[in-house]
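The values are calculated or read from the model by the stated rules, or taken from the named source; none is laboratory data. Just so it is clear, the model here is predicted, and its values are computed rather than measured. Backbone-built Cβ (ideal geometry, glycine too); neighbour counts: all protein chains shown. Accessible surface areas use protein heavy atoms only, side chains included; no ligands, DNA or RNA. Shrake-Rupley method; radii C 1.70, N 1.55, O 1.52, S 1.80 Å.
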Amino acid sequence: MLVSLALLLLGAMAAVVTPRLMARAEWPEREPVVALWVWQCVVAGVLLSFALSMTFSAAAAWQAVRGHVFAPAPRAVVEAYALVAYGPWSAVMAVLLALGGLWTAAMLTREIHRAAVRRRRRRAELLVRSPLLPGEEPGSERLVVLEGERPDAWWLPGAAPQLVITTAALGRLKGRQLDAVLAHEQGHAKARHDWLLNCSAALASGFPQVPVFAAFRGEMHRLVELAADDVASRRFGRLTTALALVELNEERGVFGPCPTPDAQVPLRVNRLLEPAGRLTAGRRLRLTAAAALVPAIPLLVALVPALSALS
């Protein structure tokens, strides 16, 4: 039972402390890909802590579960966990954590379903605005040009992903700016950023009061755009990518004094025009390795009694 409480406390502490630490850090804006990895590892560590806490609580409450969890373990290992000392409280904790797990699965399923519905609806609208020619198969073209007065470009994910761009965008984008926009959207597709956005939205909508999940969703929306900007800027230059962002968003009023839903665009442009410089390769490696160890901490906590008994 003490292990279950320790894991529960570990997950709760990580869920509260991590958003504050990441909000104070300046390096995520310089290394968005590393920051994406760190956030994924932290969320995985929090979920793993709760899952292990549920497992040990259930093992303490019910003999049937204990038999499955500790089936191959020596008797000394089972006794080291002192599972039979907190029966009623273990059952309550196990049930609550199991309900949380089921709710998480339900929210993730709902978000995936909603994303699929949105994707089908957008493909249907695309077929209406850009009907297929005789002999043309749906999804056969990776680039679709739409007639439109508003400059816009977006990547439509799915089994046959497509890049959609309006004629107004083609008219405004000059030279390599169009290539930069294409590289930006392809960066989203190659990294499967849509999956990150779906998972973060599911966790945040399912547990809106948990700080790490709310921050996870907000940071995913910001960091995936920064990462895609970097993909484009490495190939076609920061100035070209910044000018492409300005051309696509100038008519939306995002550069005015009033806040808009696209308020991050001016910050992205400033970041491209005034780069802070990347972290050294050694520091990037240390951050990546440290983040990979975060999910291992709950496993280590769970194994401490067993390792002590065996030693």
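Heavy-atom accessible surface of the chain, averaged per residue, reaches 55 Å², computed with a 1.4 Å probe. Leaving out ligands, DNA and RNA, what percent of the accessible area of the range 171-311 is carbon and sulfur, probe 1.4 Å? So the carbon and sulfur contribution to the accessible surface is 63 percent.
A Förster radius of 41 Å, combined with the Cβ-Cβ distance separating LEU267 from LEU99, puts the computed FRET efficiency at roughly 0.55. Using R0 = 30 Å, the C-beta based FRET efficiency linking ALA71 and ALA296 works out to 0.80. A Förster radius of 25 Å combined with the Cβ-Cβ distance from ARG120 to ARG222 puts the calculated FRET efficiency at roughly 0.35.
Legend: residues GLU251, GLU125, GLU219, sorted from most to least accessible area (1.4 Å probe; ligands, DNA and RNA excluded), read GLU251, GLU125, GLU219. If a helix is a whole DSSP H run, which ones in the chain reach 24 Å or further along their own axis (Cα) and hold a mean Kyte-Doolittle hydropathy of at least 0.0? Length and hydropathy pass: 2-24, 32-61, 87-129, 211-236.
One chain, two ends: ALA91 and ALA289. Fully extended at 0.36 nm per residue, the span grows by 67.6 nm beyond their Cα-Cα distance.
Close amide H pairs (under 5 Å, H built 1.01 Å from N) link LEU146 with ILE165, THR166, THR167, residues at least 5 positions away or on another chain.
Length gained on full extension, TRP37 to LEU127, computed as 0.36 nm times the residue gap minus the Cα-Cα distance: 28.8 nm. Compute the distance from the alpha-carbon center of the range 28-84 to that of the range 196-246, in whole Å. Here the answer is 29 Å between Cα centres.
Beta bridges assigned by DSSP with both partners in the chain are antiparallel in approximately 50 percent of cases. Here the range 164-204 is scanned for amide nitrogen atoms under 12 Å from the site 7 Å beyond the Cα of GLU251 along Cα-to-Cβ, giving 166-173. In the chain, the DSSP-assigned H stretches of four residues or longer account for a calculated mean residue ellipticity at 222 nm of -24000 deg cm²/dmol, using -39500 (n - 2.57) per stretch and the full residue count as denominator.
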